[in-house]
Amino acid sequence: MKTQEKKVIILWKLFKATFLLSAFTFGGGFVIVSLFKKKFVEEFKWLDEDEMLDITAIAQSSPGPIPINASVILGYRMAGILGSLTAILGTALPPMIIISVISHFYTQFRSNRIIAIALQVMRAGVAAVIFDVVINLGKNVMKARRMLYILLMIGAFVAAVVFDVSAMLIILGCLFVGIADLLINLKRTKKEGQV
Amino acid sequence: MPLLLKLFFSFIQVGLFSVGGGYAAIPLIQNQIVYTHHLMTLEEFTDLITIAEMTPGPISINSATFVGTRLAGIPGAVLCTIGCILPSFCICLVLGYFYYKYRSFSGVQTVLSALRPAVVALIASAGLSILLLGLFQAEKSAVVLSDFRVVEFVLFLGALFILRKYKASAISIIFGTGVVGTIIYLITGAPL
């Protein structure tokens, strides 16, 4: 009984959080992922930071909308398939409600000055939230004190910003670096084992 | 094929073949809705993209709801959205299952560790794009320095300061900048 009660609480918290975050997410998939990180890692402490980054990498590399992909895995982690469905519902409902309302009077919406101003200035807030999350994440990459990871971070940033390399390709590239790193490690431990 | 079913299968394809998020889905939706099934004119579709970009939420969900509502009311909106989500749900559930099954293996950890710095960089790059949109109202390739917007810059710095110092919640920050910024623009009457 008690565990069931706990599960209901988790599902409700999951729904509430994904619903609210999704309602305020302007911009692409990485925006909502940084909001997820702030909520589920920093506030709820449900996941650790590495886990959230892994989920982001998987969500980015899978077909479909990134926020939905991330919700599926996040929900699954918290409460199995039911959790997945709950998180999807929370993420998908706000845009559905907003769009079905707007689709009836979208010409008025598009030309409304106050809405245009609010949408423009909110970008400053969204950018601030992302930078806040990035500062925390970047600090931890630096703290690991491994040159390879710092170089990967800088390289990936330059590739994305300066050369417009797609996120998919960047993740794939780093995946290969990771596999190479693993193979080198294995070889080294094998050698040490023989000595 | 009945309209609802056609819509449903169209959006399953959109969900299945749009890899890499938002903007990757636009040509796919255009192809399905405008060219293959002639459910919308190109002009309507352009309106749809404008609105999808102005409103919160993933572009493909926004488009699914918009197309569904306009062509078949609420049932259409629900069915299109489910179609768009269904591939994600199946694929990510499987990936999530394997991730949690194998993630504690040290070899898997080594490989994942190389991905994480890249994800941090990609989030930073998304943040930079939004910041430039906020400060210059332009994509990074089209930034004109004289378009610099002081109000948004001050809002950004203020919001970042509050976030770092008081650990404010994301939603209160985004909502707060929206309210404060709108009031400033309305009082000063500055052009947008």
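Summary table below
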item	result
Cα→Cβ-extended label distance, 7 Å offset, between residue B:5 and residue B:94, nm	2.6 nm
Mean Kyte hydropathy of 0.5 or more with a Cα span along the axis of at least 30 Å, helices from DSSP in chain B	B:59-102, B:106-136
Per-residue average of Cβ from other chains inside 10 Å of B:80-93	6
Ellipsoid equivalent to chain A - semi-axes via the Cα gyration tensor, in Å	35, 24, 15
Principal semi-axes in Å for chain B [√(5λ), Cα gyration tensor, largest first]	34, 28, 15
Sum of -39500 (n - 2.57) over DSSP H runs of 4+, divided by residues of chain B (222 nm, nearest 500)	-26500 deg cm²/dmol
Net charge, residue A:181 excluded, C-beta distance under 13 Å - Lys, Arg +1, Asp, Glu -1	+4
Extreme residue, positive dipole direction of the stretch B:37-192, given options B:114, B:104, B:166 (C-beta unit charges)	B:104
Nearest 10 degrees, 0 to 90: helix A:66-102 Cα axis against chain A principal axis	30 degrees
Structure-based [θ]222 nm, chain A - -39500 (n - 2.57) summed over DSSP H runs of at least 4, per residue, nearest 500	-28000 deg cm²/dmol
Heavy atoms of residue A:110 accessible to a 1.4 Å probe, total area in Å² rounded to 10	90 Å²
GNM flexibility winner over chain B from B:111, B:143, B:78 (Cα, springs under 10 Å)	B:143
Carbon plus sulfur fraction of accessible area for chain A, probe 1.4 Å, in percent	69 percent
Local electrostatic count at residue B:136 - Lys and Arg +1, Asp and Glu -1, tallied over other residues with Cβ under 15 Å	0
Environment charge of residue A:134, counting only residues whose C-beta is closer than 15 Å and scoring Lys/Arg +1, Asp/Glu -1	+3
Relative counts (whole %) of C-alpha pair distances in the stretch B:106-188, using bins that are 10 Å wide	15, 35, 30, 14, 6, 1
Per-residue mean of C-beta atoms belonging to partner chains within 10 Å, peptide B:127-139	6
Entries in A:6/A:139; A:6/A:143; A:13/B:140; A:37/B:140; A:139/B:140 that, when Cα-Cα distance is taken, lie over 27 Å	A:6/A:139; A:6/A:143; A:13/B:140
Space enclosed by the convex hull of the alpha-carbon atoms of the protein assembly as shown, per residue, Å³	163 Å³
Peptide A:131-139 - average C-beta neighbours from other chains (10 Å radius)	6
Simple label model, 7 Å out from Cα along Cβ direction - residue A:9 to residue B:50, nm	4.9 nm
Sites residue B:141 and residue A:42, calculated FRET efficiency, Cβ-Cβ separation with R0 30 Å, nearest 0.05	0.35
Inter-site label distance for residue A:165 and residue B:102 at 7 Å from Cα along Cβ, in nm	2.4 nm
Solvent-accessible surface ranking, highest first, for B:152, B:43 at 1.4 angstrom	B:43, B:152
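The values are calculated or read from the model by the stated rules, or taken from the named source; none is laboratory data. Just so it is clear, the structure is predicted and the values come from calculations on it, not from any experiment. Note that we place each Cβ from the backbone using ideal geometry, even for glycine, and neighbour counts take in every protein chain shown. Just so you know, the surface numbers come from the protein's heavy atoms only, side chains and all, with ligands and any DNA or RNA stripped out. Shrake-Rupley method; radii C 1.70, N 1.55, O 1.52, S 1.80 Å.
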